[in-house]
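Visitor: Below is one structure. I have some questions about it.
The values are calculated or read from the model by the stated rules, or taken from the named source; none is laboratory data. These figures come from a predicted structure and were not determined experimentally. So basically every Cβ, Gly included, is an ideal-geometry build from the backbone, and we count neighbours across all protein chains shown.
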Amino acid sequence: MTRSTQEAGFTLLEIIVALLVFGLLLVGLTQGLHVGLTAWRQQTRSAEAASDLDAVDRLLRQLLTAMEPGRPIDPVNINGTAQQLVFTSMLPQALQRADWRRADMALLVDTRHQLILRWSPHLHVQRLFAAPPSEDAVLLQGVARVELSYWSDGSWKAAWRSRLPPTLLRVRLLFPTGDAHRWPDIIVAPIRSNLSAETGNG
């Protein structure tokens, strides 16, 4: 073998060094890819959570703004505590049926930490048969509790019982300790609250 042929090849040491450098580059690229994928997943989860909260915000504003007062021919009451609100409103279009659109609703957080909208058809006529069973719609999961407040006579109250909605209604969603979710209070002025001077609270 001539000298020029020996100089044209690679020694074993050079090959080992090249493999080592290639291995280090591969490890660096793999770690970088892992970090990028982790960040992407976290960003996706955060975006999905924000989208869910935004949808809940819009739905609650729609339902509570359209909260119906009781009438002499339909004497429904609005019953609210700090943890639950029972009222009558118009169902969202996705839940409406051909034969009815108004529903009796309850907003609460159940034992599985789910924000629930429990609803059944509103029947203001005298019932000849048993009322239809209520249905639960899960609005949001992972909610520690809901805090409801009712504005009347210049202050927030922890309970409400009246044929008329309060002037303002505040919904505060609280998440478990360590959960990064934070959401501004939802404050709604029911559009029918000024139909009468009659008010009441519990």
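Visitor: For the range 89-104, state whether one or more residues are touching a Pro at 6+ places or on another chain (Cβ under 7 Å) and either modelled with pLDDT of 90 or more or outside any strand (DSSP E or B) (or both).
Guide: yes
Visitor: Could I ask something else about it? Residues to consider are 85, 26; find the one that is more than 23 Å from residue 172 (Cβ to Cβ) and either buried (at least 17 other Cβ atoms within 10 Å of the Cβ) or modelled with pLDDT of 65 or more (or both).
Guide: 26
Visitor: Go through the range 131-174 and give me each residue that's surrounded by fewer than 18 Cβ atoms within 10 Å (Cβ to Cβ) and in a loop (DSSP other than H, G, I, E, B).
Guide: Matches in the range 131-174: 131, 132, 133, 134, 142, 144, 153, 154, 158, 159, 167.
Visitor: For the range 134-142, does any single residue satisfy the condition of being on the phi < 0 side of the Ramachandran plot, in contact with a Ser or Thr (Cβ under 9 Å, 6 or more places away or on another chain), among the hydroxyl-bearing types (Ser, Thr, Tyr) and at pLDDT 95 or above?
Guide: For the range 134-142, residues on the phi < 0 side of the Ramachandran plot, in contact with a Ser or Thr (Cβ under 9 Å, 6 or more places away or on another chain), among the hydroxyl-bearing types (Ser, Thr, Tyr) and at pLDDT 95 or above: absent.
Visitor: Somewhere in the range 37-55, is a residue surrounded by 12 or more Cβ atoms within 10 Å (Cβ to Cβ), within 16 Å of residue 139 (Cα to Cα), out of contact with any Pro (no Cβ under 9 Å at 6 or more places or on another chain) and at pLDDT 75 or above?
Guide: Scanning the range 37-55, I find at least one residue that is surrounded by 12 or more Cβ atoms within 10 Å (Cβ to Cβ), within 16 Å of residue 139 (Cα to Cα), out of contact with any Pro (no Cβ under 9 Å at 6 or more places or on another chain) and at pLDDT 75 or above, so the answer is yes.
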